[in-house]
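Presented below is the structure to which this report refers.
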Amino acid sequence: MSETMTGAEMVVRALQDQGVEHIFGYPGGAVLPIYDALFHQDKVKHVLVRHEQGAVHAAEGYARSSGKVGVVLVTSGPGATNAVTGLTDALMDSIPIVCLTGQVPTHLIGSDAFQEADTVGITRHCTKHNYLVKRIEDLPRIMHEAFYVAANGRPGPVVIDLPKDIQFASGTYARPASNQHKTYRPQVQGDMEKIKAAIALMASAKRPVFYTGGGVVNAGPQAAALLRELVRLTGFPVTSTLMGLGAYPASDPQFLGMLGMHGTYEANLAMHGCDVMINIGARFDDRITGRLDAFSPHSRKIHVDIDPSSINKNVKVDIGIVGDCAHVLEDMVRLWRSTAPQVDKVALKGWWDNIAGWRGRKCLAYRKSSDVIKPQYAIERLYELTKDREVYVTTEVGQHQMWAAQFFKFEEPNRWMTSGGLGTMGYGLPAAIGAQLAHPNALVVDIAGEASILMNMQEMSTALQYRLPVKVFILNNEYMGMVRQWQELLHGGRYSESYSHSLPDFVKLAEAYGGVGIRCDKPDVLDDAIREMIDTPRPVIFDCVVDKAENCFPMIPSGKAHNEMILGDAAEDIGSVIDAKGKMLV
Amino acid sequence: MQHVQPPFAGPPMKSHYSDAPAAEPIARHTLAVIVDNEPGVLARIAGLFSGRGYNIESLTVSETEHEKHLSRITIVTTGTAHVIEQIKAQLSRLVPVHRVDDLTVNGDAIERELVLVKVVGKGEARVEAMRLAQAFGARTVDATLSSFIFELTGTSDETERFISLMTACGLTEVARTGIAAIGRGAESM
């Protein structure tokens, strides 16, 4: 059924037809007609953020915790340019976002009009796709197509730039029979011959390892369930990237922990020493591989990815399977069951013995203290005191992010939201707001650093306005800790501009926003303080004053291989498991 | 700030990133790309090349199927085998791209370029320009008492040779279309 309406009304109707319940935005001159259309209905609820970057991160948190497409509405010019960091973040981490931007009227485009920016030009490189709507006839199709493009294939952000005259123009709206783009059809089903070859290779493995990533999370809960099934069927060890945490339960004995630059010793040495690597939905990022020419030198590699350009991009693989993780995992589980391969049990036992040796190194060990809170201890306690709840964790970027990834154990997918690819400081608080909106009764914690949190601090107002009881758990070491750590390792301890001068009083700051502030600087009262935070049904800023000098270990130094990790000084020294060259570095 | 540990004592590290890979042989490939002829599609393709650091030696574009609004873009690029594979994969995943064909891999394709050459001069140079143009099979598309404009279609080698010879005969201006290419035989894209 078709109806006549204005462009602005079409935008809102299309959102309703897509089942959108929440959008994150900030009004301005070039989107006023859409805000007016929003005013006349109550199906789509608008969340007013305090900065457009916050709108996109909030939509990301909403999308990642719910599996839905996140929607953003911002004005032209500065509204759009402020959204760029969020869009780039969503592109790097493959998060489905539809971002509606206002634009000056079509006849003024190119005239340097007030609040004009070349939004499609600026966002071309930081979106999966973008549109400038120049004719009202195209608007219904583009609105629905954008949701299809954002969510299908490798997910990503899509921008629709809406000139103000198009919002006022009258046209005919009919919901298209299908959202589909007329030609864009990403391949979801894997090539069966390659999957068979992969199963054969896995069956012959003596030292196998699963290396899983965000693609498993993006492929939906059934992909995580299938991964668990396959890992248990095969009995192989499994490690995960930062993005993939939770797809496989962290408490499971087959899980080696996170791999990569700050990954566990056992995960990285398993990657280095394996003979068959099964990459499911990860992309051989440089934080994962370390030195490329020394990356897992003796393995044959299987790579499952929905994006053909990820295969052979950084690392040459033996079997590249283009497809959706859930579809390919389903085929793999079925094939493994039906062929019931005879695995080399003796070799696998030996491989697990090796892994047990590496685990014995206790690479995450740290020196405990009774008078200063160690940041690792703070995360461990936060995990212990929240693990029986429905908890969603977001982070900012830096040392606290790596400690959270190392010490917080995720058992389910979609519970962990962090800026992986772009590494955007200021991500965590708005993302927590989005996650809390999607899960009103859950506990949502932004594990933050005192430097990162100040980048999008203003979103505390959003949390208060919508009564979203997010918890900001700041590991306050008065440093941009990761910058300081690198300056220590690379630049002779010259801590150029990495000290957090003139910090606000975070307790008073929380109160100024109308929230609750808690400070804790003693390990013996930390548990009580954390419980108080959990029990407070309002937004809380928790200023956890931690050891200023703590570094994040283990660590693969830049330009080094997985077997050249540096461990913290509290790790067990059982030197025999690494060669002489590696030992020099440990 | 005394509360910070002493500097790391291990071997020095240079940077946050791994080193550049060793040099590998570079090859020249001609790609045919079928795209939706929508606004910004050329910017999207060209931006992909600049954004990811790929080379463009030649790029031609024109709508080839008007009813379907399809354009054909012919790109000549250079890179290592790995880079060429990446270029094709990156192009393929753009939403408005329908198809990418590597004409170089598929066998030697017909590649042609059109050049327009303006030669100004009198006397012997002018006669020589005319003679060379005839030898190359170039058409004379404009003539005055002191100038010629020649049109030549050929492979890039031929057009290059023609231009360099004309330089000695008073060449003042050159316009080139870039390469259009199509695979040999009955099979079509």
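So the values come out like this:
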read-out: So B:LEU59, is it part of a strand (DSSP E or B) and in contact with a Gly (Cβ under 7 Å, 6 or more places away or on another chain); value: yes
read-out: For A:ARG207: the one exception among (1) surrounded by fewer than 24 Cβ atoms within 10 Å (Cβ to Cβ); (2) within 17 Å of A:PRO96 (Cβ to Cβ); value: (2)
read-out: Index of the failed condition, A:SER251 passing every other in (1) open to solvent by 10 Å² or more (accessible area, probe 1.4 Å); (2) within 23 Å of B:ARG93 (Cβ to Cβ); (3) of a type in the set (Ser, Thr, Tyr); value: (2)
read-out: Answer from A:GLY257, A:GLY281, A:GLY290 - the residue that is at pLDDT below 95, at positive phi and surrounded by 18 or more Cβ atoms within 10 Å (Cβ to Cβ); value: A:GLY290
read-out: Subset of the range A:480-502 that is in contact with a Phe, Trp or Tyr (Cβ under 7 Å, 6 or more places away or on another chain) and either within 23 Å of A:ALA431 (Cα to Cα) or not hydroxyl-bearing (Ser, Thr, Tyr) (or both) - its residue that is farthest from the other protein chains (Cβ to nearest Cβ); value: A:GLN487
read-out: The range A:417-436, residues that are part of a helix (DSSP H, G or I) and either touching a Gly at 6+ places or on another chain (Cβ under 8 Å) or among the polar types (S, T, N, Q) (or both); value: A:LEU429, A:PRO430, A:ALA431, A:ALA432, A:ILE433, A:GLY434, A:ALA435, A:GLN436
read-out: Which listed residue, of A:GLY7, A:GLY70, A:GLY28, A:GLY54, is of a type outside the set (Phe, Trp, Tyr), open to solvent by 10 Å² or more (accessible area, probe 1.4 Å) and either within 23 Å of the chain's Cα centre (by Cα) or over 25 Å from A:ILE95 (Cα atoms) (or both); value: A:GLY28
read-out: Any chance A:ALA198 is closer than 25 Å to A:ILE556 by Cβ and open to solvent by less than 20 Å² (accessible area, probe 1.4 Å); value: no
read-out: Number of positions in the range A:289-318 that are in contact (Cβ under 8 Å) with a residue 60 or more places away in the chain and not hydroxyl-bearing (Ser, Thr, Tyr); value: 12
read-out: Only one of B:ILE34, B:ILE84 that is at pLDDT 95 or above and open to solvent by less than 20 Å² (accessible area, probe 1.4 Å); value: B:ILE84
read-out: Looking only at the range A:136-155, and only at residues there that are among the charged types (D, E, K, R) and outside any loop (DSSP other than H, G, I, E, B), the one that is surrounded by the most Cβ atoms within 10 Å (Cβ to Cβ); value: A:GLU145
read-out: Number of the exception - A:THR183 against (1) touching a residue at least 24 places away in the same chain (Cβ under 8 Å); (2) under 24 Å from A:ARG154 (Cα atoms); (3) open to solvent by 30 Å² or more (accessible area, probe 1.4 Å); value: (1)
read-out: Test result for B:VAL100, within 14 Å of chain A (Cβ to nearest Cβ) and modelled with pLDDT of 95 or more; value: yes
read-out: Residue identified as out of contact with any Pro (no Cβ under 7 Å at 6 or more places or on another chain) and in contact (Cβ under 8 Å) with a residue 60 or more places away in the chain among B:ILE110, B:ILE56, B:ILE84, B:ILE45; value: B:ILE110
read-out: Which numbered condition A:GLU511 fails, given (1) away from every other protein chain (no Cβ under 12 Å); (2) under 17 Å from A:VAL372 (Cβ atoms); value: (2)
read-out: Options B:ARG139, B:ARG99: the member that is closer than 24 Å to A:VAL159 by Cα and surrounded by fewer than 19 Cβ atoms within 10 Å (Cβ to Cβ); value: B:ARG99
read-out: Hits in the range A:310-319 - residues which are within 14 Å of chain B (Cβ to nearest Cβ) and part of a loop (DSSP other than H, G, I, E, B); value: A:ILE311, A:ASN312, A:LYS313, A:ASN314, A:VAL315, A:LYS316, A:VAL317
read-out: Single match in B:GLU67, B:GLU85 (criterion: farther than 25 Å from B:ARG176 by Cβ and in a helix (DSSP H, G or I)); value: B:GLU85
read-out: Qualifying residue in the range A:156-173 (condition: of a type outside the set (Val, Ile, Thr) and surrounded by fewer than 16 Cβ atoms within 10 Å (Cβ to Cβ)); value: yes
read-out: Candidate set: the range A:320-368, residues that are among the acidic types (Asp, Glu) and in a helix (DSSP H, G or I); chosen: the one nearest to A:PHE236 (Cα to Cα); value: A:ASP353
read-out: Qualifying strands (runs of 3 or more DSSP E) (wholly inside the range A:21-135; at least 3 residues being over 25 Å from A:ASP165 (Cα atoms) and either away from every other protein chain (no Cβ under 14 Å) or of a type in the set (D, E, K, R) (or both)); value: none
read-out: Residue count, the range A:369-380 (criterion: more than 23 Å from the chain's Cα centre (by Cα) and assigned to a helix (DSSP H, G or I)); value: 1
read-out: Number of positions in the range B:154-176 that are open to solvent by 70 Å² or more (accessible area, probe 1.4 Å) and touching a Lys or Arg at 6+ places or on another chain (Cβ under 9 Å); value: 2
read-out: So B:VAL76, is it touching a residue at least 60 places away in the same chain (Cβ under 8 Å) and open to solvent by less than 40 Å² (accessible area, probe 1.4 Å); value: yes
read-out: Residue check, A:GLY357 open to solvent by less than 60 Å² (accessible area, probe 1.4 Å) and within 30 Å of B:ALA81 (Cβ to Cβ); value: no
read-out: Some residue of the range A:379-400 being of a type in the set (Gly, Ala, Ser), in contact with a strand residue (DSSP E or B) (Cβ under 8 Å, 6 or more places away or on another chain) and assigned by TED's automatic domain parsing to the domain that holds A:MET455; value: yes
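Results for (1) over 27 Å from A:ASN314 (Cβ atoms); (2) modelled with pLDDT of 65 or more; (3) in a strand (DSSP E or B); (4) at the interface with another protein chain (Cβ under 10 Å from one of its Cβ atoms), shown as yes or no for each residue.
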position	(1), (2), (3), (4)
B:HIS3	yes, no, no, yes
B:PRO7	yes, no, no, yes
B:SER18	no, yes, no, yes
B:PRO25	no, yes, no, no
B:ARG28	no, yes, yes, no
B:GLU38	yes, yes, no, yes
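One line per residue, one yes/no per condition, for (1) surrounded by fewer than 21 Cβ atoms within 10 Å (Cβ to Cβ); (2) touching an Asp or Glu at 6+ places or on another chain (Cβ under 9 Å); (3) closer than 22 Å to A:ASN477 by Cα:
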{"site": "A:TYR366", "(1), (2), (3)": "no, yes, yes"}
{"site": "A:SER370", "(1), (2), (3)": "yes, yes, yes"}
{"site": "A:TYR383", "(1), (2), (3)": "yes, no, yes"}
{"site": "A:THR395", "(1), (2), (3)": "no, yes, yes"}
{"site": "A:ALA405", "(1), (2), (3)": "no, no, yes"}
{"site": "A:LYS409", "(1), (2), (3)": "yes, no, no"}
{"site": "A:MET417", "(1), (2), (3)": "no, yes, no"}
{"site": "A:LEU422", "(1), (2), (3)": "yes, yes, no"}
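The values are calculated or read from the model by the stated rules, or taken from the named source; none is laboratory data. Since this is a predicted model, take the numbers as computed values, not measurements. Methodologically, a virtual Cβ is constructed for each residue, glycine included, from the backbone with ideal geometry; neighbour enumeration extends over all protein chains shown. Ligands, DNA and RNA are stripped out before the accessible areas are found, and what is left, the full protein with its side chains, is counted by its heavy atoms. Shrake-Rupley method; radii C 1.70, N 1.55, O 1.52, S 1.80 Å.
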